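J.: I'd like to ask you about the structure that follows.
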Amino acid sequence: MSYLPRILEKILKTKSKEFPVLILTGPRRSGKTTLLQHFVPKAFYYLLEDMDLIGRVRSDPRSFIEDVKLPAILDEIQNAPELLNYIRTNVDVSGAKKTQWFLTGSQEPALMKGVSESMAGRAAIFHLLPLSHAETTKVSTFTGGFPEIITKGKDKNTWYRSYVQTYLERDIRAISSIRDLVTFRRFLALVASRAGQMLNKTEIASPLGISVPTVTEWLNILEATHQIILVPPFFENFGKRLVKSPKVYFTDTGLAAHLLGFETEQGLMRSTFWGPLFENFVATEIVKTQLNAGKRKELYYFRDRPGFEVDFVIPSGNRRLILFEVKASKTIRPNDALHLLHLQKSIKQYKTNSFVVHLPSQSLKHITALQAGVQAIEYEKIPEVLL
């Protein structure tokens with residue numbers, strides 16, 4: 001399998017000279033371990049899902065840390081959070097400036113709670129999502145971006161079936177008391193059917209026969225394991241009544257398409273889910289661009305109670321906003337810019353750059369002005385306008 005370079009490597013190279021601990025989080029199978037083993041090829045590798053290794057850690061964590069050969073990759077550190085205190089002691093005693101400890105985690109709260117308590121000022125934290133279109137043009141709405149599908153050419157449907165099964169049996173059981181995995185699997189598919197929509201927990205709870213608090217708990221699990229991205233509304237005093245519910249997106253649209261039962265790209269494109277999943281794809285490309293640059297995720301949408309909406313609002317500093325309206329089409333018309341123009345007039349206290357993001361088209365290969373202050377761009381141009 002050929003290795004696909006990750007954009008995040010550039011930031012890791014810089015920060016690994018400044019921090020003794022480097023932490024990489026992200027969904028299972030997003031390429032965290034592969035990236036680190038390529039980045040530090042001589043590092044010693046310890047998988048903290050191996051039961052024998054976990055048993056050794058639990059019985060004598062201090063001896064384990066003292067026996068670790070550096071530099072070291074500790075994979076899935078959330079399974080042994082007690083090690084963080086001993087790593088901190090090792091770092092403080094050694095006085096190392098360059099990174100010697102490379103940690104990965106796929107369950108955010110369990111990991112970050114220990115990090116905030118033990119690693120303040122000692123660790124640089126980064127997030128790795130599946131491959132972006134900027135890293136390989138094989139990434140698409142239907143295929144998604146998980147490296148094993150892209151680089152190994154594995155059958156997409158078989159791979160995702162295995163992924164969901166592993167996720168349910170390993171991650172879900174590890175961090176929750178959920179016993180009814182069949183209902184949780186149906187919950188996953190129902191959330192996928194709501195991609196790009198405002199979150200309505202009652203609409204999810206009712207067909208599954210579960211309570212709204214249970215939906216809240218299960219959504220928290222999906223977010224904690226990096227399976228979904230919740231995009232909050234952008235609040236400002238615009239003189240409008242604004243909605244308060246977040247919109248929900250999957251971290252990987254290939255997984256969402258699988259959960260919805262689509263086995264071919266043509267089937268997806270002919271369905272009513274094509275538009276929402278393309279919008280979802282654009283959302284993930286925005287977030288990947290931010291995270292791969294070492295920035296935090298900062299993504300919002302705008303909608304008022306009468307129903308006027310702009311798909312994405314992205315703050316970019318100095319009271320400047322980037323506005324995206326997404327169209328799952330190769331044909332772009334001036335009317336597609338109307339929502340963007342309307343919002344621009346409502347937020348004159350901000351400087352805005354507005355774009356209609358669309359599917360690739362041979363006739364629209366370059367950024368094209370739709371109306372004064374609004375340009376049309378193909379989704380592959382997203383990094384250019386964000387960075």
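J.: Taking the criterion of being farther than 19 Å from A283 by Cα, in contact with a helix residue (DSSP H, G or I) (Cβ under 9 Å, 6 or more places away or on another chain) and among the small types (G, A, S), would at least one residue in region 208-221 satisfy it?
T.: yes
J.: What are the pairs, 6+ residues apart or on separate chains, where a residue within region 12-38 that is under 12 Å from L131 (Cβ atoms) has its Cβ under 7 Å from a residue that is in a loop (DSSP other than H, G, I, E, B) and among the basic types (K, R)?
T.: G31/R6; L35/R6
J.: Can you find, within region 343-379, the residue that is modelled with the lowest pLDDT among those that are assigned to a helix (DSSP H, G or I) and more than 26 Å from the chain's Cα centre (by Cα)?
T.: The selected residue is L364.
J.: If the Cβ limit is 8 Å and pairs must be 6+ apart or interchain, which residue in region 284-295 that is within 19 Å of A256 (Cβ to Cβ) pairs with which residue that is part of a helix (DSSP H, G or I) and aromatic (F, W, Y)?
T.: E285/Y379
J.: Oh, and also: I'm trying to understand the selection: among the residues of region 84-102, which are under 11 Å from V21 (Cβ atoms), crowded, with 17+ Cβ neighbours inside 10 Å and modelled with pLDDT of 90 or more?
T.: L84, I87, R88, N90, V91, T99, Q100, W101, F102 - these are the residues of region 84-102 that are under 11 Å from V21 (Cβ atoms), crowded, with 17+ Cβ neighbours inside 10 Å and modelled with pLDDT of 90 or more.
J.: Mind listing just one residue for me: the one in region 122-147 that is of a type in the set (G, A, S) and outside any strand (DSSP E or B) and, of those, nearest to V282 (Cα to Cα)?
T.: The qualifying residue nearest to V282 (Cα to Cα) is S132.
J.: Return yes or no: is L359 surrounded by 13 or more Cβ atoms within 10 Å (Cβ to Cβ), under 20 Å from L277 (Cβ atoms) and either in contact with a Phe, Trp or Tyr (Cβ under 8 Å, 6 or more places away or on another chain) or β-branched (V, I, T) (or both)? Before the answer, list the steps.
T.: On the way: surrounded by 13 or more Cβ atoms within 10 Å (Cβ to Cβ): yes; under 20 Å from L277 (Cβ atoms): yes; either in contact with a Phe, Trp or Tyr (Cβ under 8 Å, 6 or more places away or on another chain) or β-branched (V, I, T) (or both): yes.
So L359 fits the description; yes.
J.: Look through E384, E380 and report the one residue that is free of Cβ contacts under 8 Å to residues at least 24 places away in the same chain and surrounded by fewer than 17 Cβ atoms within 10 Å (Cβ to Cβ).
T.: Going through E384, E380 in turn, the sole match is E384.
J.: Output the number of residues of region 8-31 satisfying the condition of being β-branched (V, I, T) and buried (at least 18 other Cβ atoms within 10 Å of the Cβ).
T.: Looking only at that region, the number is 3.
J.: Which condition number in (1) over 30 Å from K327 (Cα atoms); (2) touching a strand residue (DSSP E or B) at 6+ places or on another chain (Cβ under 8 Å) is the one that P130 fails?
T.: (1)
J.: Please verify whether E279 is under 11 Å from the mean Cα position of the chain (by Cα) and surrounded by 22 or more Cβ atoms within 10 Å (Cβ to Cβ), treating the condition exactly as stated.
T.: No; evaluated as a whole, the condition is false for this residue.
J.: Only one of (1) over 19 Å from K15 (Cβ atoms); (2) among the aliphatic types (A, V, I, L, M); (3) buried (at least 20 other Cβ atoms within 10 Å of the Cβ); (4) under 17 Å from the mean Cα position of the chain (by Cα) is not met by A134, so which one is it?
T.: The one condition A134 does not meet is (3).
J.: Can you give me the number of residues within region 49-94 that are under 29 Å from H226 (Cα atoms) and among the basic types (K, R)?
T.: 3
J.: Is it the case, given these coordinates, that E135 is at pLDDT 90 or above, closer than 30 Å to E265 by Cα and among the charged types (D, E, K, R)? Give the derivation first.
T.: Working: at pLDDT 90 or above: yes; closer than 30 Å to E265 by Cα: yes; among the charged types (D, E, K, R): yes.
Answer is yes for this residue.
J.: Here is a further query. Of all strands (runs of 3 or more DSSP E) completely enclosed by region 1-78, which ones contain at least 2 residues that are under 23 Å from H127 (Cβ atoms) and within 22 Å of the chain's Cα centre (by Cα)?
T.: Fully inside region 1-78 and qualifying: 21-25, 72-75.
J.: If a residue must be surrounded by 13 or more Cβ atoms within 10 Å (Cβ to Cβ) and farther than 20 Å from D171 by Cβ, how many such residues does region 45-60 contain?
T.: The total comes to 2.
J.: Can you tell me which residue is farthest from E380 (Cα to Cα) among those in region 298-331 that are crowded, with 16+ Cβ neighbours inside 10 Å and at pLDDT below 90?
T.: Once the filter is applied, the top-ranked residue is D304.
The values are calculated or read from the model by the stated rules, or taken from the named source; none is laboratory data. Note that this is a predicted model, so its numbers are computed, not measured. In this analysis, Cβ positions are derived from the backbone assuming ideal geometry, glycine residues included, and neighbour counts consider all displayed protein chains.
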